[in-house]
């Protein structure tokens, strides 16, 4: 198996594992904040020295790092505010429909060239995501859509800047440091947001220790592996392949956790996503 495929497969498994753990923690524990904290303490301190010492710090690279960091902060704020207004089943598929936008940015800014089959595969997988996010949503849930779209735009922004930054970062440890700068920005933004809403810096409750540990190890490594895969393929392809995690999470929620709400539509959407990803894989 190609190195990029191994990296993306490991990333998907890590992402699904972390999300399955997080969704079963108390709602007032703010599991994402704890996971980002653990990442910075465990992997951030490991990656930062490599980022500082191994990278040729040009103005262009500094601009890419700043763009990714700011976009990460916007992404997590948008995601948090969207989740406050609508369930994950509506918000996350909409946010993850970014590969088409990433493909457009890549073509316009960096001259990325995708085959017709890859374009079709990405479009089909995005259609499956939008089907998952559709339904009888009204009132407060509709208010989540602008925030979800903001998070999607932020995803496309940091994905493109991350792809460009790989040319300056040789080691995987350096990639972890690069990701950690964005996560530090997001952690600060989420901490301020939480303080404004709750009047306290620490969340009211704390997730189980193993959820914090797994989250800290997975949340950053999973995305560093995606950026590593971008060394070998356009950013849009790498991000699109990671949506296999949504298919796995959907199957687990239906058949393992017996979450049957709108299961037919969700299962059909998962099948459409998988069809698009298979078309992309066959085109390779």
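No lab work stands behind these numbers, since they all come straight from the coordinates. Predicted model only: the values in this text are computed from it and were never measured. Ideal geometry is used to build each Cβ from the backbone, glycine not excepted, and the neighbour counts take in all protein chains shown.
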Worksheet item: When 171, 125, 68 are ordered from fewest to most other Cβ atoms inside 10 Å of their Cβ, what list results?
Response: 171, 68, 125
Worksheet item: Using alpha carbon centroids, what distance separates the range 252-284 and the range 72-112, in Å?
Response: 19 Å
Response to the item:
Per-residue Cβ contact counts at 10 Å, fewest first, order 250, 262 as 262, 250
Worksheet item: Who wins for biggest fluctuation among 178, 61, 76 in a Gaussian network model of the chain, springs between alpha carbons below 10 Å?
Response: 61
Fill in: Global size of the range 3-283 as Cα Rg and Dmax, reported in angstrom
18.0, 52
Practice prompt. For the chain, with a Gaussian network of springs between Cα atoms less than 10 Å apart, report the residue from 244, 208, 31 with the top mean-square fluctuation.
Written response: 208
Worksheet item: Using Cα pairs under 8 angstrom and six or more residues apart, how large is the relative contact order of the chain, in percent?
Response: 40 percent
Discussion item. If I build a Gaussian network model for the chain, linking alpha-carbon pairs within less than 10 angstrom, which residue out of 96, 85, 196 has the largest mean-square fluctuation?
Written reply: 196
Worksheet item: Taking N as the number of residues in the range 187-284, what is its Cα Rg relative to 2.2 N^0.38 Å?
Response: 1.43
Worksheet, complete the sentence: Assertion target for 273, 70, 256, 192, ordered by fewest C-beta neighbours within 10 angstrom first, is 256, 192, 70, 273
